[in-house]
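Remarks on the structure that follows.
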Amino acid sequence: MNPSKRRTVIAGNWKMNFTPAEATAFINAIKPMVAGKDNCDIIFCAPYVTIAAAQAAAEGSNIKIGAENVHFAEKGAYTGEVSAQMLTACGVEYVIIGHSERRQYFGETDETVNLRTKAALAAGMKVILCLGEVKEQRLSGITDEVVAMQTKLDLAGISAEDLKNVIIAYEPVWAIGTGMVATPQSAQDAAQAFREHLRATFNEHVAQAVRVLYGGSVSSKNAVELITEPDVDGFLIGGAALDVDELTRVCTLTLATTSSHK
Ligand code: 13P
C-alpha cells in the first residue's frame, strides 16, 4: 500500500458541458456529499464561461474549481485564448493541460503542452497534466515508450520544486468515453513508470510525492479496484463527473478505500 500518504485527488473534467446555471445546480447538489472530506482534493474543471458560477456555488466548501486549458503567453494577439494571469486573477488555482482531446482535435503537441505547463506554473497555478497512449500505440506494444517520451517532453525544463504543483493524469486515449477501462494492473504499471521517470530525472522524494491519477471510463464499477493500486492516487473523471448520483458513488467508494488501505 502507498506508504507516502499522498493526498487522494478526485477531479472532474466537465469538458464542453454545463451552462453556468447547470454548474450551479450540480455543485449545490454535490456539496453535502463532499462536506467534511478534508483528506482529499476535490476539483471540478469547468468551461471558462462556467467557472465564476461554479466558484460562487462552491464557496465555503472544500470543492476547488479549475480550468480546462490555458495559453502560454501572458497576453496578446491569441484570439480565443485565456492566459494563466487571467485565470489567477479570477481565483482559479487548477488547470488541466494536454488533455488528449486538445491533442487530437486542436493540434496540441508536447511542445505546446510544455509551454503551457511552464506558463501556468510560473503564474502560481497547479497543473493537471494529461498524457497517455492511443489505441494503435497500445496495440503495437509501445505504450511504455510513448508515455515515457510524453513525460520527458511535457516536463522538460520544469524544476523539482515546480513539480510539487503538478499532478499527472494517465489517460489512455482508447479508454476515454468508451466504457473500456484500463485494467488496474496497466493503470498501476503506467503510474509506476511515471514515478520511475521522475526518480531518474529528479529524485526519490519527487517520485514519491507527485500524485498520479488514472482517467478513462472511471465509474462506480471500477473505482475501488483502480484506487487500490499503490501508485494510483485518484481519478480524472469525465462522464461520471456530470452525474451527481454516479459521482457520489465513485467518491464514497474511493475515499472509503483510501482511508482503509492507503
Ligand atoms: P471519461 O471518464 O468520460 O472516460 O473521460 C475521461 C476524461 O477524459 C477525463 O479527462
Between ILE97 and residues 5 or more places away or on another chain, the pairs with built amide H atoms under 5 Å apart involve ILE128, LEU129, CYS130
Taking only Cα atoms and a 10 Å spring cutoff, compute GNM fluctuations for the chain and point out the largest among ALA46, ALA190, ALA73. ALA73
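Assign unit charges at the C-beta atoms only (+1 for Lys and Arg, -1 for Asp and Glu), then state the dipole size of the range 167-262 relative to its Cα centre in Debye, rounded to the nearest 20.
Numbers: 6 positive and 11 negative charges, 24 e Å.
Dipole of the range 167-262, to the nearest 20 debye: 120 debye.
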Give the lysines reachable from LYS126 as a straight Cα distance under 20 Å; neighbours fewer than 8 places away on the same chain don't count. LYS5, LYS15, LYS64, LYS75, LYS118, LYS152, LYS164
Taking R0 as 41 Å and r as the Cβ-Cβ distance between GLN185 and GLU74, the FRET efficiency 1/(1 + (r/R0)^6), rounded to the nearest 0.05, comes to 0.45
Residues of the range 177-191 with amide N under 14 Å of the 7 Å Cα→Cβ point at GLN104: 177-181
Taking a ≥ b ≥ c as the square roots of the eigenvalues of the Cα gyration tensor, with a/c under 1.5 meaning rounded and otherwise prolate when a/b exceeds b/c and oblate if not, the range 1-79 is oblate
ILE63 long-range amide H proximity, modeled H, under 5 Å: none
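So if each residue of separation counts as 0.36 nm, and I subtract the Cα-Cα distance between GLU204 and ALA89, what length gain in nm does that give?
Details: separation 115, 0.36 × 115 = 41.40 nm, distance 3.45 nm.
Going from the current span to full extension adds 38.0 nm.
Taking the Cα centre as origin and putting +1 on Lys and Arg beta-carbons and -1 on Asp and Glu beta-carbons, what dipole magnitude results for the chain, to the nearest 20 debye? Present the calculation step by step, with values, prior to reporting the outcome.
Details: 23 positive and 30 negative charges, 91 e Å.
So the magnitude is around 440 debye.
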Given 0.36 nm per residue, what is the gain on full extension from MET33 to GLU136 after removing their alpha carbon distance, in nm? 33.1 nm
Taking a crude spin-label model, label points 7 Å out from Cα along the C-beta direction, the GLU111 to LYS164 distance in nm is 3.2
Counting only Cα, what are the radius of gyration and maximum Cα-Cα distance Dmax of the range 81-185, in Å? 14.3, 45
For ASP41, distant residues with modelled amide H under 5 Å away: THR8, VAL9, ILE10
Residues GLU204, GLU171 arranged by fewest to most Cβ contacts within 10 Å: GLU204, GLU171
Hey, what do the phi angles of the range 196-209 turn into as Karplus ³J(HN,Hα) couplings, whole Hz, using 6.51/-1.76/1.60 and θ = phi - 60°, x for Gly and Pro? 5, 4, 5, 5, 6, 8, 10, 7, 4, 4, 4, 4, 7, 8
Kindly write out, for the range 163-172 in residue order, the coupling ³J(HN,Hα) from the Karplus curve 6.51 cos²θ - 1.76 cosθ + 1.60 (θ = phi - 60°), rounded to whole Hz, with x marking Gly and Pro. 5, 4, 9, 10, 10, 9, 10, 7, 10, x
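Starting from the range 129-187, pick out the GluC sites (Glu not before Pro) whose DSSP state is loop and whose Cβ has at most 10 other Cβ atoms within 10 Å. Intermediate values should be presented prior to the final figure.
Working: sites: GLU133, GLU136, GLU145, GLU161; in loops: GLU133, GLU161.
Passing both the DSSP loop test and the Cβ count: GLU161.
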How far is it, in nm, from the label point at ASN17 to the one at SER61 when both lie 7 Å from their Cα along the line to the Cβ? 1.6
Given the -39500 (n - 2.57) contribution per DSSP H run of 4+ residues, what per-residue ellipticity at 222 nm results for the chain, rounded to the nearest 500 deg cm²/dmol? -13000 deg cm²/dmol
Residue exposure sequence - TYR105, TYR48 - by fewest surrounding Cβ within 10 Å: TYR105, TYR48
Going residue by residue through the range 128-142, the Karplus relation 6.51 cos²θ - 1.76 cosθ + 1.60 with θ = phi - 60° gives ³J(HN,Hα) values, rounded to whole Hz and with x marking Gly or Pro, of 9, 8, 9, 8, x, 8, 8, 4, 4, 5, 5, 5, 7, x, 10
Bins of 5 Å, starting at 0 and running to the largest distance - Cα pair percent for the range 152-250: 3, 14, 23, 22, 16, 12, 8, 3, 0
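May I ask you to work out the translational diffusion coefficient for the chain at 20 °C, viscosity 1.002 mPa s, via Stokes-Einstein with Rh from the Kirkwood sum over Cα pairs, reported in whole µm²/s? Spell out each step's value before the answer.
Details: Rh = 18.3 Å.
For these conditions, the coefficient is 117 µm²/s.
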Which residue, GLN192, ILE227, GLY60, has the largest displacement toward the positive end of the dipole of the chain when charges sit on each Cβ (Lys, Arg +1; Asp, Glu -1)? GLY60
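Read-outs throughout are calculated quantities, based only on the coordinates presented, and are distinct from any laboratory measurement. In this text the structure is predicted, and so the values were computed from the model without any measurement. In this analysis, Cβ positions are derived from the backbone assuming ideal geometry, glycine residues included, and neighbour counts consider all displayed protein chains.
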